[in-house]
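Heads up, the thing below is written out as structure tokens.
Derivation of every value follows stated rules applied to the coordinates shown; laboratory data play no part. All values derive from a computational prediction rather than experimental measurement. Virtual Cβ from ideal backbone geometry, glycine too; neighbours counted across all protein chains shown.
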């Protein structure tokens, strides 16, 4: 399926403010970016680099006053996600070197505190994909999805205690539970076609059966139509924008995802 994604960020800034932006999807195994536009008003010098996770990042200094970024991309992506019941657990000594880092606790995913809980959730479940699917189903049943949640910057421990959160929080808890079982897991931020209310979305991937699989505990059934923008250990690595110094006087974001009837010219 072909999707057209767009994101409009607008700020009112009091003093020159350094930003790091992470708004460009990249082509890969699961998606192909056919067209992009990236407009900054007022125009300022931008330095682009690729971070340690392979994400495309842009550095700039926003001037005082009104400042905006508009991005748009036409992306071919799968209309379903891969499912693999029975895909095996991969023993740690056999994992690829690049995957090992996603076994470690991180700022928002305190996996070392979830071993007993994770083991209890997946009791009598075959190791590997089935364990991750069981964890995602448990989160969907147990944690209340609340787009208006007042708690911000929650870690997996916080989410488990409060039993509600937004998509980012669901992903953090899923990642922590997987890592507690020695299953590599990473956070993904991007777009989901048909998401209500529309916004940027977060989910997680787990490495079983020698590849990454998508899991999203905010959705009752598996859904494709996803465009990935960034990967990381947790939300600290995948912020769409990060400003340094005093926060902007105001900030707003508008996101749209449209289904294209045919491939872009």
Principal-axis tilt of helix 167-180 within the chain, Cα atoms, nearest 10 degrees = 40
message = Assuming 0.36 nm per residue, please report the length gained on full extension of the stretch residue 113 to residue 163 beyond their Cα-Cα distance.
response = 16.4 nm
query = Label-point separation (nm) for residue 99 and residue 56, each offset 7 Å from Cα along Cα-to-Cβ?
reply = 2.7
request  = Report the label-to-label distance for residue 66 and residue 91 in nanometres (one decimal), using points 7 Å from each Cα along the Cα→Cβ vector.
outcome  = 6.3
inquiry  = Need the C-alpha centroid separation for the range 50-71 versus the range 188-265, integer Å.
reply    = 17
note = The alpha-carbon pair-distance distribution computed for the range 92-237, with 10 angstrom bins and whole-percent values, is 12, 47, 35, 6, 0
request  = Would you mind checking the range 241-265 for residues with the amide N under 11 Å from a putative spin-label position 7 Å along Cα→C-beta of residue 198?
outcome  = 254-259
ask   = Efficiency by 1/(1 + (r/R0)^6): what FRET value for residue 80 and residue 12, r their Cβ-Cβ distance, R0 = 45 Å, to the nearest 0.05?
value = 0.60
query = Per-residue ellipticity at 222 nm for the chain, helices alone: DSSP H runs ≥ 4 residues times -39500 (n - 2.57), over residue total, nearest 500 deg cm²/dmol?
reply = -4500 deg cm²/dmol
ask   = What is the calculated FRET efficiency for residue 221 to residue 265, with r their C-beta to C-beta distance and R₀ = 22 Å, to the nearest 0.05?
value = 0.05
ask   = For the Cα atoms of the chain, what angle does the longest principal axis make with the long axis of helix 129-142, in degrees from 0 to 90, nearest 10?
value = 70
